[in-house]
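Asks: First the structure, then my questions, so here it is.
The values are calculated or read from the model by the stated rules, or taken from the named source; none is laboratory data. On a predicted model such as this, the values are computed, not experimentally measured, just so you know. FYI the Cβ positions are ideal-geometry reconstructions off the backbone, even for glycines, and counts take in every protein chain you see. The area values use the complete protein model at the heavy-atom level, side chains included, leaving out ligands, DNA and RNA. Shrake-Rupley method; radii C 1.70, N 1.55, O 1.52, S 1.80 Å.
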Amino acid sequence: MGPYPPHPGMNQSSNRNKGIIIAGVAVAIMLILGLLYYIGSKEEHNDSENFFNTAVAITNTLEENHDDLEEIIGMKEDDLIEITNSLNLNKQFLQQQEADLNMLELTEEDKPYAEKLKKIIGSELRLIDNVLFVLENPTEKTASDKLNEITDLSKNISADIAALNIPGLDCSKAVKIKDIKPHLKEYMDAKIKNAANEKERRELLAATTNHYPLFLKQNPNHPLLEGHMGAGYYLDKSSVKVLNNDSDTPVIEAEIFMVDDAYGGKTTETYRNKMKFKYNTKSVKLYYERNGKWTYLNPNGPMAETRGVKSLGEAAYFVSFGKKFYHGYMDEKFYKCLSLK
């Protein structure tokens, strides 16, 4: 007998099963694709959210940095360390936020905003570096160039932040940067002047005039009043006392001391002399106490009468009131030495 003929429904059933399997596979593929799309869209959503959060952190740091820069306007010497530390900290934050920004998988929509943020960060970091340079090196010649760049960077940063326009991000507090150039310039000028004064001070302390040291043992409290025949006559500034502060006839006490052979380098004090002076500020006449009486001192009198008296009287008045009593009798170096601290 030949083989049994196939059942009439067998091919139909087999085809149906294949169809079901194919359909199931197709549904599974669609589910997988849908899941992948969901996961991808969710990740894309998370990347956008992470970018926004990073942008918020960056603008907050910019705002804080601009607040710290504003502190320079009222800066005192004691504030310098605190301001410098704050600026360095802000710099570190911005560098970290820039690194975070570079690690994000950005959407096409966020990429342009990210580039603008990177530009702003770069300008802000240069701004901080320039300010720190001026604060730490105010007497350097290149500090003046930094001042002009600080002003330009501040204007550009303000404009770039205002043009950022990230949806939902409020940058208004970070936009305005006050002009700190005049205050940094004032700080620089003061430091340069102080440096020049300190240089002059060191030079004066070490200087001599006609081989007499301008200051005994380079002590600013002991300036030279005059020298004669090798002996140096010095003022003890700590001895100067105003006994009567009457504006027309003030009375001042001061001590002069002599050093034998100060010309030859000796520094040992030989003797002291305490004297009292009365000044008639209207007639510009100087009196000194002698044997309990006020004796007029003629500034044009012989050296035997004026030596050690005229210079001490003038020095005592200048140290007490910061101005000259006589004019034209002493050179400017005399007053510079008296002013030195």
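Asks: Starting from the alpha-carbon convex hull of the stretch 224-267, give the projected area averaged over all orientations, in nm².
Replies: Seen from a random direction, the Cα hull of the stretch 224-267 projects 3.6 nm² on average.
Asks: Indicate the gyration tensor shape class of the stretch 173-279 (rounded, prolate or oblate), computed on the Cα atoms with a ≥ b ≥ c the square roots of the eigenvalues: a/c under 1.5 is rounded; otherwise a/b larger than b/c is prolate and the rest oblate.
Replies: oblate
Asks: Here is a follow-up. Kindly flag which residue pairs out of Lys141/Lys341; Lys241/Lys310; Lys237/Lys323; Lys237/Lys278; Lys76/Lys155; Lys282/Lys336 have an alpha-carbon separation exceeding 23 Å in this structure.
Replies: From the list (Lys141/Lys341; Lys241/Lys310; Lys237/Lys323; Lys237/Lys278; Lys76/Lys155; Lys282/Lys336), the Cα-Cα distance tops 23 Å for Lys141/Lys341; Lys76/Lys155; Lys282/Lys336.
Asks: Give the accessible area for Glu269 in Å² (nearest 10); use a 1.4 Å probe, count only protein heavy atoms, and leave out ligands, DNA and RNA.
Replies: It works out to around 80 Å².
Asks: In whole angstrom, and with the biggest value first, how far do the Cα coordinates of the stretch 250-341 range along each principal axis?
Replies: 41, 31, 23
Asks: To continue, here is another question. Starting from a Cα-only point model with no solvent, please compute log10 I(q)/I(0) by Debye for the stretch 65-151 at q = 0.15, 0.20, 0.24, 0.26 1/Å.
Replies: Debye output, listed in q order: -0.64, -0.94, -1.19, -1.31.
Asks: Relative contact order of the chain: what whole-number percent is it, with Cα pairs under 8 angstrom and at least 6 residues apart?
Replies: Across the chain, relative contact order equals 10 percent.
Asks: Compute the long axis of helix 80-103 from its Cα atoms, compare it with the longest principal axis of the Cα atoms of the chain, and write down the angle in degrees, 0 to 90, nearest 10.
Replies: Compared with the principal axis, the helix lies near 20 degrees.
Asks: A further question follows. Give the carbon-plus-sulfur fraction of the accessible surface of the stretch 162-318 in %, rounded to a whole number; probe 1.4 Å, heavy atoms of protein chains only.
Replies: 47 percent
Asks: Another question about this same structure. Calculate for the chain the 222 nm mean residue ellipticity that helices alone would give, adding -39,500 (n - 2.57) per DSSP H run of length 4 or more and normalising by residue count, nearest 500 deg cm²/dmol.
Replies: About -19000 deg cm²/dmol.
Asks: How big is the Kirkwood radius of the chain, worked out from every pair of different alpha carbons and given in Å to one decimal?
Replies: Hydrodynamic radius (Kirkwood, Cα pairs) of the chain is 28.0 Å.
Asks: Provide the per-residue ³J(HN,Hα) series for the stretch 333-338, in order, calculated from phi with Karplus coefficients 6.51, -1.76, 1.60 and θ = phi - 60°, each as a whole number of Hz, with x at glycine and proline positions.
Replies: Coupling constants for the stretch 333-338: 4, 4, 6, 4, 5, 5 Hz.
Asks: Can you spot the aspartates and glutamates whose alpha carbon is less than 19 Å from Lys217's alpha carbon? Ignore those fewer than 8 places along the same chain.
Replies: Candidates past the 8-residue exclusion: Glu198, Glu200, Glu203, Glu226, Asp236, Glu255, Asp260, Asp261, Glu269.
Asks: Among residues other than Lys146 whose Cβ falls under 12 Å from its Cβ, what is the net charge (Lys/Arg +1, Asp/Glu -1)?
Replies: -2
Asks: Using alpha carbons only, how many angstrom separate the centre of the stretch 201-228 from the centre of the stretch 267-341?
Replies: 18 Å
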